[in-house]
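In what follows, a structure is listed as structure tokens, so that the remarks can point back to it.
What follows is calculated from the coordinates using simple rules that are stated; it is not laboratory data. All values reported here derive from a predicted model rather than from experimental measurement. Quick reminder, even Gly has a Cβ in these numbers, built from the backbone with ideal geometry, and neighbours come from all protein chains shown.
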Amino acid sequence: MKDSPMPTARFSILAVVFALAIQGSAFAADPLMCLPGKVIFEDSFSTPSLDSRWTIPKGDWTVIEQALRGSELAADKHSAVVRTDVEFPKNFIIRFKFRFNGGKAIHCSFNGKGHICRATLTPDGYTLKGEKVKSDSADRSVTVGQVQQKFTPGKWHTMQIEVAGNEFVAQVDDGPIAFGTDKKIGRAKTNFGFPMSGTYSEIDDIKIWNADLNPNWAARKKTLPPNKIIPPKPPTAEKRFKNLDKNNDGSISLKEFTNPRTPDKRAAAEKQFRRRDKNQDGKMSLQEYSPAKK
């Protein structure tokens, strides 16, 4: 099933006509922060194979029943990734359909000089994030919006994302609204894609419009309940160990232990490694990394 196109008219009477035209859809059609203009990208996956505009760095991607299915491959040791180039304006709207069929996460990721920002969907809701600057080891990603919302496996849902400068807004179907602001959001974006974790999930009916800021947005935003952002659980010792064990040999070398640190902290990390390496074999086991508490 394909969604009806978004209206480009900006007058309220036409918006009402459009809403009536799609009556019965679960999606709240009117954008919140932006006024849509010209369509700058769309793909409904209506051909048997993926359009040549897309590249596939990781994973298995297949067009099935006019939708794009992505599956993570164990050999990649990375989420499945598909992306395409788009010169994004400062303000834009993107809408797409998605459904989970066993997959763990779907990311709508916007990139330029590195990752810029993303919306991350899981079966339990979604978050809006500004990405860290990869070249700055002290920088961190920031969650600007978060919504708890259940997405039934096997059921299609529609997500709409709006970006205007440093502001990030999203809504799925007629659910709660995620929104937030950070300077990371406003950086230049030259491509976007859909990393997917697990096996498998699907996307369809992608459409992007350039946009102007809605003059009513500031007033509307004041009426919205603030997002309750739940900090992620800290990783377990086993998870941290696995992340450091880059060659998957079941141990951590001195290089693997110290490399993630900034140069000014590596000497201290080396001393810590040697204290934990009880048998002095130059490798740290999980037990040495995380000794049992007495």
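Tabulated data for the structure shown
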{"item": "Angle between the chain longest axis and helix 12-21 axis [Cα atoms, degrees, rounded to 10]", "result": "80"}
{"item": "Listed residue pairs exceeding 23 Å between alpha carbons, taken from 184/239; 134/189; 113/239; 189/265; 58/155; 239/278", "result": "184/239; 113/239; 189/265; 58/155"}
{"item": "Candidate lysines - alpha carbon under 25 Å from residue 150, same-chain residues fewer than 8 apart omitted", "result": "2, 97, 104, 129, 207, 221, 228, 233"}
{"item": "Computed [θ] at 222 nm, helices only, for the chain once each DSSP H run of length n ≥ 4 contributes -39500 (n - 2.57)", "result": "-4000 deg cm²/dmol"}
{"item": "Three semi-axes of the equivalent ellipsoid, region 12-222, Cα gyration tensor, whole Å, largest first", "result": "25, 22, 17"}
{"item": "Segment residue 274-residue 236, length gained on full extension (0.36 nm per residue, minus Cα span)", "result": "11.5 nm"}
{"item": "Total formal charge among the other residues, if their Cβ is under 11 angstrom from that of residue 75, Lys/Arg +1 and Asp/Glu -1", "result": "-1"}
{"item": "Most mobile of 77, 155, 239 in a GNM of the chain (Cα contacts under 10 Å)", "result": "239"}
